[in-house]
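Worksheet: the structure to be examined is printed underneath.
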Amino acid sequence: MAAGPNKPRRTPKVAGRSTSRVELSANATAKLAQQAKDEYETPTAVASGVERKRQRADAEKAAVERKRAVTDVEPGVNNTSGTYRLAAILAAAAVVVGVIATILAFHPGAEVSDNRAFVDQGETDRVLSAARDGACSPFTFDYRKLDAWTSNFESKLTGEALDVIRKYAKTSKELAVQTQSASDCRVDVVGLSDLTATRAVVLTDMIVSTTKAGAIDQSAMPHVRLTLVRDPANGDDNWLISNIEAL
């Protein structure tokens, strides 16, 4: 029997061989890619961690230096932080003293240490009471009761203030009778700005209204500075108004 033509030899099929070879190739490629990625990213992550630690250390160092600068109260040749802090304390104290000086010593040149306004509350009350009673004494009159007017201001005024009122009292009485004038005065606001053992300065707002023949004539609201004095060494302990100055 004649031999048939030679047939090419086929590679025997093995179940799953081709598929396994492809899957193995894909897995290997993925592993190699992941390994390369890990090798590439690992140095970066390490470097970032080191950088973060360095930045944190720098921040802590800067914070310590700032704290040391604030708490250091002994200024050196090249360190003025202590000087600035001391200057701030002195400035704050100066503000407090300035406020006290403004309240207790309104007029320029007053010495805070000599001013007893509102420190000696008893004497402060006496001065303010005398100011309220005496401030209106020259401006409160009735043409029918001029003797009472004279007696009133004579007991409340002294010095220059009394001299001025006395100087014009006669003329004022004559005009009051001729025009049938009367005047009413009241103290609206009063405040003590300076007080020593024998002298006080009071600021006051007054309301003065006058009438003629029973009809309203005019009204004024003068802002006045009163100077009061007393002379306890000579037995005069009452506060009297020695000067009346319109502001």
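Each reported figure results from applying straightforward, stated rules to the coordinates on display, with no laboratory input. Since we're looking at a predicted model, the values are computed, not measured. So basically every Cβ, Gly included, is an ideal-geometry build from the backbone, and we count neighbours across all protein chains shown.
Side notes on the structure shown:
- Backbone geometry of segment 207-221 corresponds, through the Karplus equation with coefficients 6.51, -1.76 and 1.60 at θ = phi - 60°, to 3J(HN,Hα) couplings of 10, 10, 10, 10, 10, 10, 6, x, 9, 4, 9, 7, 9, 9, 10 Hz, x marking Gly and Pro.
- Trypsin sites (Lys or Arg not before Pro) lying in DSSP loop within segment 117-168, provided at most 14 other Cβ fall within 10 Å: 144, 145
- 3J(HN,Hα) from dihedral phi, segment 149-155, Karplus parametrisation 6.51/-1.76/1.60, rounded to Hz, x for glycine, proline: 4, 4, 4, 5, 6, 5, 8
- Working note: Karplus 6.51/-1.76/1.60 with θ = phi - 60° gives segment 166-173 the couplings 4, 4, 9, 5, 4, 5, 4, 5 Hz, where Gly and Pro are set to x.
- Full extension of the chain segment joining residue 217 with residue 145 gains 24.0 nm, where the gain is 0.36 nm per residue of separation less the Cα-Cα distance.
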